[in-house]
Amino acid sequence: MVPIDTADGTPRNVLADALAADDASVRLRAALAAGTRRDPGLLERLVERCAREPDPFVRDMLSWALTRLPSEITLPRLRRELDSELPRARSQALHSLSKIGDGRAWAWLTRDLLRDPDDEVARTAWRVAVGLVPDGAEQGLVEELVAQLGRGDRDVQLSLSRAFVELGEVIEPALEGCAADADPAVAAHARATALLLRDPGIAFDTAVEEARRVAALGPERAAVIASGVTGTSEPVPTTEAVQSTGAASC
């Protein structure tokens, strides 16, 4: 294993070289050491490595190391990464911003990032946005996020649903409107998210299956069948009722 602390150069230079070592365990130790040292001189190397690091554990340690540096120098550098042509650079910069948790980063979460064509970038942007959204700006964020309903595979949709659930009740009108969308993927995703909001303990896959069942049967028939099976008669919104809510378009 390549040693991190040797006499072959200054500790900063040794750490900088170790961050790019072939062995992931060496890179992990180097990132840990960088965070422990809190050396601003390593900022550029840490950010550059984030954009290219293939190992998720090392990437997370790199982000931790960045949180240990003064925000006055770290935040402007991460902001520049949000415009990078490399998707991993954008997603990792967003991840680091989520760890830092500074509200100033809210202004940097542009529509382009929230709708980034790279799924990992978009998923990270959604998570950061719901964590940093200031009071009074929730509705605007909801209107932006509903445009992503039905996007991607299971993991992408789960990420968006979690973001919606974290926003809370403010999302309900938008979900009701999207539950009647002509696109079955959008409608099912909206219904599944609404189920998660009402019952956070339900599994996402179960919520999706229930949403598809309601879409196939129609809300009225599904409610009748459910009441016959469970002995309850809790009302389910009809298509007409959903369309009349005036919620944000999907």
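The values are calculated or read from the model by the stated rules, or taken from the named source; none is laboratory data. Predicted, not measured: the structure shown is a model, and the values here were computed from it. We work out accessible area using only protein heavy atoms, side chains counted, and drop any ligands, DNA or RNA first. Shrake-Rupley method; radii C 1.70, N 1.55, O 1.52, S 1.80 Å.
The accessible area of Cys50, taken with all protein chains in place and a 1.4 Å probe, comes to roughly 10 Å². Ratio of Rg to Rh for the range 27-97: 0.92 [Cα atoms; Kirkwood radius as inverse mean 1/r over pairs].
Counted over all Cα-Cα pairs of the range 1-140, pairs farther apart than 26 Å make up 25 percent.
Once you have a ≥ b ≥ c as the square roots of the Cα gyration tensor eigenvalues for the range 140-219, tell me rounded if a/c is under 1.5, and otherwise prolate or oblate according to whether a/b is larger than b/c. Please list the in-between numbers first.
On the way: a/c = 1.36, a/b = 1.18, b/c = 1.15.
Note, shape of the range 140-219 comes out rounded.
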